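Q: Please see the structure below; I have some questions.
All of the numbers you see were taken from the coordinates with simple rules; none came from a lab. This structure is a prediction, so every number in the text was calculated from the model and none was measured. Every residue, glycine as well, gets a Cβ built from its backbone with ideal geometry; the counts of neighbours run over all protein chains shown.
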Amino acid sequence: MQSEYDPAAVEAAAQQYWDANQTFRAVEDPAREKFYCLSMFPYPSGRLHMGHVRNYTIGDVIARYERMRGKNVLQPMGWDAFGLPAENAAIKQGIPPSQWTRSNIEAMKAQLKRLGFGYDWERELATCDPDYYRWEQWLFTRLMEQGLAYRAKAAVNWDPVDQTVLANEQVIDGRGWRSGALVEKREIEQWSVRITDYAQELLDAIDGLEGWPEQVRTMQRNWIGRSEGVYMEFGIAGPGVSEHDTLGIYTTRPDTVMGVTYVAVAAEHPLARGRAEQDPDLAAFIEECRRGGTTEAELETMDKQGYRLGLDAVHPITGEPVPIFAANFVLMGYGTGAVMAVPAHDQRDWEFAERYGIPKQQVVVSADGSDCGIAQGAYVDKGVLTNSGPFDGLTSEQAFDAIAAWLAERGKGEKRVNFRLRDWGVSRQRYWGCPIPVVHTADGGVRPETDLPVKLPEDVVVDGSGSPLKKMDSFSQLANGEVRETDTFDTFFESSWYYARYCSADCDTAMLDARANYWLPVDQYVGGVEHAVLHLLYARFFHKLMRDAGLVDCDEPFANLLTQGMVVAETWYREDADGKRTWYNPADVEVTRDDKGKLVGGVLKADGEPVTFGGVEKMSKSKNNGVDPETLIERYGADTVRLYTMFTAPPDQSLEWSDEGVEGAARFLRRLWSLAAASAEAVRAASPATADDEAVADARREIHAALKKALFDYQRHQFNTVVSGCMTIVNVLYKLDAAQPAQAAVLREGLGIVLRLIAPIAPHVAHHLWQALGLGDDVLAAGWPVVDEDALAQDSIQYVVQVNGKVRGKVQVATDASREAIEAAALADDNVQRFIGDAPVRKVIVVPNKLVNVVAK
């Protein structure tokens, strides 16, 4: 074999072998244990970034590892192809979004192939293909028939620039996440799916997701937000209302109901809008609220503002009137759009009452009698009721039941379970998405489309002035005065079931076929924690819809979830007189560090002038701290890039980029290659039988000890320490003499082990060296290495000896030596004796198989 490592040639040859032999083609085989490994599919932006590379390398390492363990592995890839970025890019370039999207798919597919990822490309899908989205259209029509999909007015976040509805998570500081425009609150007709019908099941099933990070499970529990409380009705008094009009309110703290001193409703509440028709100031306040915060986090921190409606709410127990305010901290989309305000026991209500001079009535005090006044803020803990009439003296827990019963007996309330989760609004007022398969009839009704798929016209140039579908009579206008729906699905609709379609990607007669039940659930899902709520929750919901439609047998889509950390890098900038910052790529900065490696400063290589360190942040275009994977592959090869991303940090932690680290990964692969090249002839000629003479026993012990730890680390996905183990084995092998037959046998054994261990991580070089050393045709088919426990056995153990905490010697003792014998050997060591001197030995601490610490003072 050639002495010099040529990554380009090695990687091209390995990939050609895999393609020719259809190595990664997955075929259902009930006789074999299956393993479905999936990484979250990418949006086809045109170029891979290092976050993609890390995510997909993690998935590929796991898939190759399970394949080498003998499992029948499926690892597919596809494209989350619909979405607003394609429209924005197409507007900028003056081309149809379909053209931009499909050209990007081809470019990114080539990049993925170059990295050697073991995908079954025969199962490739793109969500913008009619053969894919026709089936979600089919399912939606079934949901309409079952009453699980419906159209109704809903309060939404409206981006006036992108002309579309945004989810709460797409609103950042009150602005659209892509356009940056101030988001408005609007009420429009929306198509929604009743995810709330599955809220309890989605919540209960979280406990069974034992292979998910606890952080993600907690986020899902909080998002579903199950609470037990009391629904009650306040009367309404004032001009223009009937004595029978009521205001429904839900609370989880009915024990504080006697402390209600005002009621707050959302600005969009019918009460507020009705009063605004005769009150211009109120109308202006409502308009201002439309531009306010839309997330709960924003509502918590915003300045609390309100407007008194001139109506009173009638307390359901006391009958006393309390004023009603329209308030900017109440959302129409949560609960009933109205809250009973108890300023003595809710900090938000307290702040509002302070601002508007509203009384505060304390009705709960501490059970232990400690000071719990409300002068400086609300008392929010539970305790014992006071100032509560017939409920005085009850604990908060007792009062919950007593007050609920009192209200129920009088028809004024009842216990209820409530969920924070709202129905999933799936309408989007944009073009590049899956058409919603609905027809609006001439009589004002709606019906599901029967001729599917409803194809999206693709040869369309968008201009940014709303969806072009609304202007295309050829698409929207049907016979008999019927009009086709021009809204498209939220792109989460496509990404909520793609994992299942991979199982039956070529099926043209059904959404899924029997093959789905062979592969599902996904055994290992890999993706960012930023998808912990929306994507993962919607996918779980969609899976249950498919289950109830008879398409899948299992209850959950993903058995195990790995959320990888971000790729971060240094940022550097200069700031001009106006405070504008110009960001420079770290590769263009000459960095200075002190003798301890601490960063001191940096200068721009181009002009030698100082630049300011901006911290370590996620790689991004805005901070110009990204690294181009293509450039790295050209310089070092794909295996170096893969090895570096796996070695630098555990998968679930952030990876801080280091050019020196990439160089180190490249050096290790060159070192492995040089070892194999130098010993190739001896290794090919060596007997595969294990050598067991004394000269090589230590080498085999170190190799198998490293192997044992690496096998454990693979199981827990700690690939960084797997690489460390491979480096340890290579170091051991470099000490052997290939000219000695016994040592050549250990070289063969050790290289066979290290190449199999490194094969999932650096597959190309492992494939080439496996063949070059005569170990077989395909390392992937070689099987997983097994620890030789006999090789780990040893007659003696070396102990490190410390005197007063500092290492002063090493002693070799029998493996089965007694504690007394170990102490005696340590104390007899000449160097240890020298450091003890005349000091009395006060204590000897023995750490089995490792350490002896002598305390002498």
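Q: Determine whether Thr256 is over 28 Å from the mean Cα position of the chain (by Cα) and β-branched (Val, Ile, Thr).
A: Yes.
Q: Among the numbered conditions (1) β-branched (Val, Ile, Thr); (2) outside any loop (DSSP other than H, G, I, E, B); (3) in contact (Cβ under 8 Å) with a residue 40 or more places away in the chain, tell me where Val600 comes up short.
A: Result: Val600 passes all but (3).
Q: State which residue pairs qualify: first residue within 14 Å of His767 (Cα to Cα) and inside region 1-28, second residue assigned to a loop (DSSP other than H, G, I, E, B) and among the hydroxyl-bearing types (Ser, Thr, Tyr) in any location, beta carbons under 8 Å apart, and separation of 6 or more residues or different chains.
A: Listed pairs, sorted by first residue: Tyr17/Thr23.
Q: In region 765-772, is there at least one residue being of a type in the set (A, V, I, L, M, F, W, C) and not in a helix (DSSP H, G or I)?
A: no
Q: Identify all residues within region 6-60 that are closer than 29 Å to Tyr518 by Cα, among the aliphatic types (A, V, I, L, M) and assigned to a loop (DSSP other than H, G, I, E, B); write none if there are none.
A: Within region 6-60, Ala26, Val27, Ala31, Met40 meet the criteria.
Q: Additional query: Out of (1) buried (at least 18 other Cβ atoms within 10 Å of the Cβ); (2) over 24 Å from the mean Cα position of the chain (by Cα); (3) of a type outside the set (A, V, I, L, M, F, W, C), the odd one out for Gln99 is which?
A: (1)
Q: Give the residues of region 782-792 that are free of Cβ contacts under 8 Å to residues at least 40 places away in the same chain and either under 20 Å from Phe117 (Cβ atoms) or not in a helix (DSSP H, G or I) (or both), sorted by residue number.
A: Answer for region 782-792, where residues must be free of Cβ contacts under 8 Å to residues at least 40 places away in the same chain and either under 20 Å from Phe117 (Cβ atoms) or not in a helix (DSSP H, G or I) (or both): just Val786.
Q: Okay, next question. Take region 198-215 and flag every residue that is in contact with a helix residue (DSSP H, G or I) (Cβ under 9 Å, 6 or more places away or on another chain) and assigned to a helix (DSSP H, G or I).
A: Tyr198, Ala199, Gln200, Glu201, Leu202, Leu203, Ala205, Ile206, Asp207, Gln215
Q: For Ala706, are the conditions met, namely being closer than 16 Å to Arg684 by Cβ and touching a residue at least 24 places away in the same chain (Cβ under 8 Å)?
A: Spelling it out, it is not the case that Ala706 is closer than 16 Å to Arg684 by Cβ and touching a residue at least 24 places away in the same chain (Cβ under 8 Å).
Q: Moving on. Checking Lys544 against (1) surrounded by 14 or more Cβ atoms within 10 Å (Cβ to Cβ); (2) touching a Leu at 6+ places or on another chain (Cβ under 9 Å); (3) basic (Lys, Arg); (4) without any contact (Cβ under 8 Å) to a residue 24 or more places away in the chain, which test does it fail?
A: The number of the failed condition is (4).
Q: Looking at region 395-440, which of the residues that are of a type in the set (A, V, I, L, M, F, W, C) and without any contact (Cβ under 8 Å) to a residue 24 or more places away in the chain is farthest from Ser476 (Cα to Cα)?
A: First, the residues of region 395-440 that are of a type in the set (A, V, I, L, M, F, W, C): 399-400, 402-408, 417, 419, 421, 424, 426, 432, 434, 436, 438-439.
Remaining after also requiring without any contact (Cβ under 8 Å) to a residue 24 or more places away in the chain: 402, 405, 408.
Details: Ala402: 57, Ala405: 54, Ala408: 51 Å.
Among those that are of a type in the set (A, V, I, L, M, F, W, C) and without any contact (Cβ under 8 Å) to a residue 24 or more places away in the chain, it is Ala402.
Q: If you don't mind, another one. Which residues, taken from region 406-425, are farther than 26 Å from Leu203 by Cα and loosely packed, with under 14 Cβ neighbours inside 10 Å?
A: Glu409, Arg410, Gly411
Q: Go through the residues of region 589-597 one by one and say whether even a single one is under 20 Å from Met50 (Cα atoms), surrounded by 11 or more Cβ atoms within 10 Å (Cβ to Cβ) and among the acidic types (Asp, Glu).
A: Checked against the condition, which is being under 20 Å from Met50 (Cα atoms), surrounded by 11 or more Cβ atoms within 10 Å (Cβ to Cβ) and among the acidic types (Asp, Glu), region 589-597 yields no hits at all.
Q: Could you grab me the full set of residues in region 475-509 that are among the aliphatic types (A, V, I, L, M) and in contact with a Phe, Trp or Tyr (Cβ under 9 Å, 6 or more places away or on another chain)?
A: Ala500, Ala505 - these are the residues of region 475-509 that are among the aliphatic types (A, V, I, L, M) and in contact with a Phe, Trp or Tyr (Cβ under 9 Å, 6 or more places away or on another chain).
Q: Taking region 634-652 as the region of interest, how many residues are crowded, with 21+ Cβ neighbours inside 10 Å, in contact with a Leu (Cβ under 9 Å, 6 or more places away or on another chain) and part of a helix (DSSP H, G or I)?
A: So the answer is 8.
Q: Okay, moving on. Go through region 68-86 and give me each residue that's more than 23 Å from Glu630 (Cβ to Cβ) and surrounded by fewer than 23 Cβ atoms within 10 Å (Cβ to Cβ).
A: Met68, Arg69, Gly70, Lys71, Asn72
Q: Answer with yes or no whether Val384 is touching a Gly at 6+ places or on another chain (Cβ under 6 Å), without any contact (Cβ under 8 Å) to a residue 40 or more places away in the chain and surrounded by 14 or more Cβ atoms within 10 Å (Cβ to Cβ). Steps first, please.
A: On the way: touching a Gly at 6+ places or on another chain (Cβ under 6 Å): no; without any contact (Cβ under 8 Å) to a residue 40 or more places away in the chain: yes; surrounded by 14 or more Cβ atoms within 10 Å (Cβ to Cβ): yes.
When the stated conditions are applied, Val384 does not pass them.
Q: For region 82-112, enumerate the residues that are in contact with a Lys or Arg (Cβ under 8 Å, 6 or more places away or on another chain) and farther than 26 Å from Gln15 by Cα.
A: Within region 82-112, Leu84, Pro85, Glu87, Asn88 qualify.
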